[in-house]
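The values are calculated or read from the model by the stated rules, or taken from the named source; none is laboratory data. Every value quoted in this text rests on a predicted model; they were computed, and no experiment measured them. Ideal geometry is used to build each Cβ from the backbone, glycine not excepted, and the neighbour counts take in all protein chains shown. Remember, those area values only see protein heavy atoms, side chains included, never the ligands or the DNA or RNA. Shrake-Rupley method; radii C 1.70, N 1.55, O 1.52, S 1.80 Å.
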Amino acid sequence: MVSNSDEPPSLPETIPYITNTYQVVLHTSAFLRRLKTALDGTNNGKGIIKYNLGGPFKSVYIVARGEKNIQAFLRGSRDLDSEPFIHMGMENLWGFSKKDADKFKNDSSGRLKNPNPLSGTTGTRYWAGMHQLYDEFLTKPHHANALSHKFLEVFNDRLENQFTVGKWTETSVVAFMKEHMFQASMTALFGTERLKIAPETHGLYWVYEAYAWHFFYGVPRWMFPSAYKARDELYAAGKKYLDAAWKNFDWNGQEDWEPHFGSRFARETARWMREAAGFDEKTQAGFFTLLLFALHSNTLPTCTWMLIYLCKDPELFQAVREEALSAYYSQDEGTGRPKEIDVGKLVMLPLLQSVFAETLRLHMSFTNIREARKDMVFDGYKIKKGSWMQAFTGISHREEAVWGREGHPADEFWVGRHLTWSENDGKQVPQFSIAGKGGDFYPFGGGTGMCPGRHFAKQEALVALAAIVTRFDVEFVEWTNQDGSKSDREARGDEKFAGAGTMPADRDMKIRWKRLW
């Protein structure tokens, strides 16, 4: 779908223009609605729309429809470059010093083990070094599984200490997950000491998350002074954690997890940034704030939505419980209750996977961005060097022509959307499949920009859900506003987060539950 041409054809006039920088940066949900209207009104049939950002000088092309187009966009690393936007994030969102951000700008050797022979880059390879950390200590099964098991251990402990067996109690789903899943995730990745050293991290994080998109685009500090203050304080909390970890960790130890740095990934990242890359303290603290954001911003609201959907549907709740119990492989000698869980088996269970995929489809709203490295032709359209291209999951994931089924429109949750059924020993057995949807379903991005933490994210969400559904009987009580007052409607995706990742629930769900074991 992507080709080069000395004389590319002109852009057809039938493609509508959308111009509103304010909406793109500060009110993305309104922009996406306008985009959908424009897309439905165009007669070019190809699903590519152009608009201008920041005046008439920056052309942006939205690849909104067409599986082959989306795949070409996500995988076209030779012609489409995501690095300029990573640079934006480094300075505006991640807290890198300009000096350290420039190290990445000046490194054209690529992410692969062998450097690009045309780059001319000598010395430290920053992109490759960071990619190697992700690949070795976050993506590979041994370390991803170690993270998941530590998360499950801490999460289970919190469930057992917070709730008494056989006693009905009321709780709010969103508030519960923001407290307990956050704490368990933090402990798994960063150790037990981070929240002890900087307990303010928990409160500051939610402000940082709510304004992350504003930080990314460099919205002036005077517009949101309290948000920028929270961001700076969160950086400072990250520095306190790193200073204490460096002071107290015994580098002769090689455990997968220990209390000061936490995971092997966090420890090796800290060592690489200080010793190999030579980054300053500001950059190190900023990057560990980014890791905090990457850990929670998508997985936590996704798992919360999954639990909300199960609590709304008792029959589905029971079916997921029975499936999850099949992944337990040992029992407690004293109680006979399930004890150990096979994480590898759990994440392959069809019903559980379908709940996960359907939740991502409905609530992941992320803006994938690339920049054209050269003049090019994309699906017959002339794209000039330096132009931006975007693909919105919030458009692709809700296409009625792709996802709609009779009685189950694309904008509603339906767990059967990703399941097929076959007969086995006289029983109907489900199989999960998302095959053939590579250009229509891309919650983790694609190509070299695909989320490196996607394996742990899936494991974390599914083990948290399994821990709850196997341990608790649940009854729905009512919908509430975030302040606890009664709501007149159920939860929807919070549009403040449109374009930035998983949209969390804008309402809470009050439930009664009883711990079974």
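Below is a table of values for the structure above.
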| read-out | value |
| --- | --- |
| Values of log10 I(q)/I(0), in the order q = 0.12, 0.15, 0.19, 0.20 Å⁻¹, for the range 245-404 under a Debye, Cα-only, solvent-free model | -0.94, -1.11, -1.18, -1.21 |
| In the range 222-311, chymotrypsin sites (Phe, Trp or Tyr not before Pro) in a DSSP loop with at most 13 other beta-carbon atoms within 10 Å | 251 |
| Using alpha carbons only: equivalent-ellipsoid semi-axes of the chain, gyration tensor based, whole Å | 37, 30, 22 |
| Additional length obtainable on full extension of the chain from residue 33 to residue 183, 0.36 nm per residue less Cα span | 50.4 nm |
| Accessible surface ranking that places the most exposed of 255, 179 first, with a 1.4 angstrom probe | 255, 179 |
| Accessible surface, the chain, averaged per residue in Å² (probe 1.4 Å) | 44 Å² |
| Most to least accessible of 22, 61, 217 (protein chains only, probe 1.4 Å) | 22, 217, 61 |
| Reachable aspartates and glutamates, given that their alpha-carbon falls under 12 Å from the alpha-carbon of residue 339 and they are not under 8 places away in the same chain | 153 |
| Rounded accessible area of residue 250 (nearest 10 Å², 1.4 Å probe) | 90 Å² |
| All aspartates and glutamates inside 16 Å of residue 36 as judged from Cα atoms, apart from same-chain residues fewer than 8 positions distant | 399, 400, 411, 440, 495 |
| Charge context of residue 383, other residues only, Cβ under 12 angstrom, K/R +1, D/E -1 | +3 |
| Distant-in-sequence amide H partners of residue 482 (H built 1.01 Å from N, under 5 Å) | 508 |
| Per-pair calculated FRET efficiency, R0 = 45 Å: residue 405 and residue 281 via Cβ, rounded to 0.05 | 0.25 |
| Reachable lysines from residue 105, criterion Cα separation under 19 angstrom, eight or more residues apart if same chain | 113, 282, 374, 385 |
| Restraint check, 103/239; 486/510; 178/239; 196/458; 68/140, Cα-Cα greater than 18 Å | 103/239; 178/239; 196/458; 68/140 |
| Global geometry of the range 203-340, whether rounded, prolate or oblate, following the gyration tensor of its Cα atoms and the 1.5 cut on a/c | oblate |
| The range 270-350: relative contact order in percent, alpha carbon pairs under 8 Å with at least 6 residues between | 14 percent |
| Carbon/sulfur fraction of accessible area - the chain, other protein chains in place, 1.4 Å, % | 50 percent |
